[in-house]
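Asks: Take this structure, written in structure tokens, and hold onto it; I'll ask about it next.
None of the figures in this text is laboratory data; all of them are computed from the coordinates on show. Small disclaimer: the values here were computed from a predicted structure and weren't measured. Positions of Cβ are backbone-derived with ideal geometry, glycine not excepted, and every protein chain shown enters the neighbour counts.
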Amino acid sequence: MNRMVKNRTSLGARTGQSRAALALCLMAGSALADARIPVPSGQPVELLDVLLDTNPGALWLRFRFMAPTIGETTTQVGYEAAIHDMEFLCNKLVVPYVGKHDLDPARIVISLSDRSVEFGQSDPKATQYFETYRLEDARCIWEEY
């Protein structure tokens, strides 16, 4: 049976502050008090959703982040910088989450969006970056498609 579960309850992600608290707890030792998650590029990033998706025929774990400064102008964070942020988020947030919840995902998808877009919906004005990973020895390995 295929299913899509919005796993917000187990995340405790009902508000920006609780999402931030979860993210910061998972990152072990970070002392930030706001909703931002520190990433290599320094851009502001906040956790929006964690989705457990079995529609592809296996468990895909989808971590969706708001990153309002992504884009391709010179004042925005471009894809080349954002890919390092996505790998960082996968290794520092997703790997502990998988261990804590005893999950065995076939794939992990990290997405950054400059605005909130409902999962599965289209917004031509939105900038979104996606990367897919697999877990190997408790590390996120980029999957080329």
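Asks: Report, by chain and number, residues whose modeled amide H sits under 5 Å from the one on residue 49, excluding near sequence neighbours (fewer than 5 apart, same chain).
Replies: Sorted by chain and number, the residues that satisfy this are 64.
Asks: Can you tally the net charge around residue 143? Count Lys and Arg as +1, Asp and Glu as -1, for every other residue whose Cβ sits under 11 Å from the Cβ of residue 143.
Replies: Working: positive: 107, 134; negative: 131, 136, 144.
Every neighbour counted, the sum reads -1.
Asks: Short version: ³J(HN,Hα) in whole Hz for each residue of the stretch 133-142, in order, from phi by Karplus 6.51 cos²θ - 1.76 cosθ + 1.60 (θ = phi - 60°), x for Gly and Pro, what are they?
Replies: 9, 10, 8, 8, 6, 6, 9, 7, 10, 4
Asks: Classify the stretch 72-118 as rounded, prolate or oblate, taking a ≥ b ≥ c as the square roots of the eigenvalues of its Cα gyration tensor: rounded when a/c is under 1.5, otherwise prolate if a/b is larger than b/c and oblate if not.
Replies: On the way: a/c = 3.13, a/b = 2.09, b/c = 1.50.
Note, shape of the stretch 72-118 comes out prolate.
Asks: Each residue of the stretch 82-99 in turn: what ³J(HN,Hα) in whole Hz from Karplus with 6.51, -1.76, 1.60 and θ = phi - 60°, glycine and Pro shown as x?
Replies: 5, 5, 5, 5, 5, 5, 4, 4, 4, 6, 8, 10, 6, 4, x, 4, 4, x
Asks: If you don't mind, another one. Could you list the square roots of 5 times each eigenvalue of the Cα gyration tensor of the stretch 42-145, that is, the equivalent ellipsoid semi-axes, sorted largest first and rounded to whole Å? Could you put the intermediate results ahead of the total?
Replies: Numbers: eigenvalues 107, 48, 28 Å².
So the three semi-axes of the stretch 42-145 are 23, 15, 12 Å.
Asks: Evaluate E = 1/(1 + (r/R0)^6) for residue 119 and residue 75, where r is the Cβ-Cβ distance and R0 equals 25 Å; express this FRET efficiency to the nearest 0.05.
Replies: My answer for the efficiency is 0.30.
Asks: What does the charge dipole of the stretch 82-131 about its Cα centre add up to, to the nearest 20 debye, if the Cβ of each Lys and Arg holds +1 and the Cβ of each Asp and Glu holds -1? Numbers along the way, then the final one.
Replies: Values: 5 positive and 8 negative charges, 14 e Å.
That gives the stretch 82-131 a dipole magnitude of about 60 debye.
Asks: So what's the gap between the Cα centers of the stretch 44-72 and the stretch 79-145, to the nearest angstrom?
Replies: Cα centres, the stretch 44-72 to the stretch 79-145: 6 Å.
Asks: Next question. Once amide H atoms are placed 1.01 Å from N in the peptide plane, what residues at a sequence separation of 5 or more from residue 59, or on another chain, have their amide H within under 5 Å of its amide H?
Replies: 106
Asks: Give, in nm to one decimal, the length gained when the segment between residue 138 and residue 55 is fully stretched (0.36 nm per residue of separation minus the Cα-Cα distance).
Replies: Between residue 138 and residue 55, full extension yields 27.5 nm more.
Asks: OK, next. Amide H of residue 70: which non-local residues (sequence gap of 5 or more, or other chain) have their own amide H closer than 5 Å, using H built in the peptide plane?
Replies: Correct list: 77.
Asks: Using each residue's phi in the stretch 109-121, evaluate 6.51 cos²θ - 1.76 cosθ + 1.60 at θ = phi - 60° and report the 3J(HN,Hα) Karplus result to the nearest Hz, with x for Gly and Pro.
Replies: Each residue of the stretch 109-121 in turn: 10, 10, 10, 10, 9, 7, 8, 6, 10, 4, 4, x, 9 Hz.
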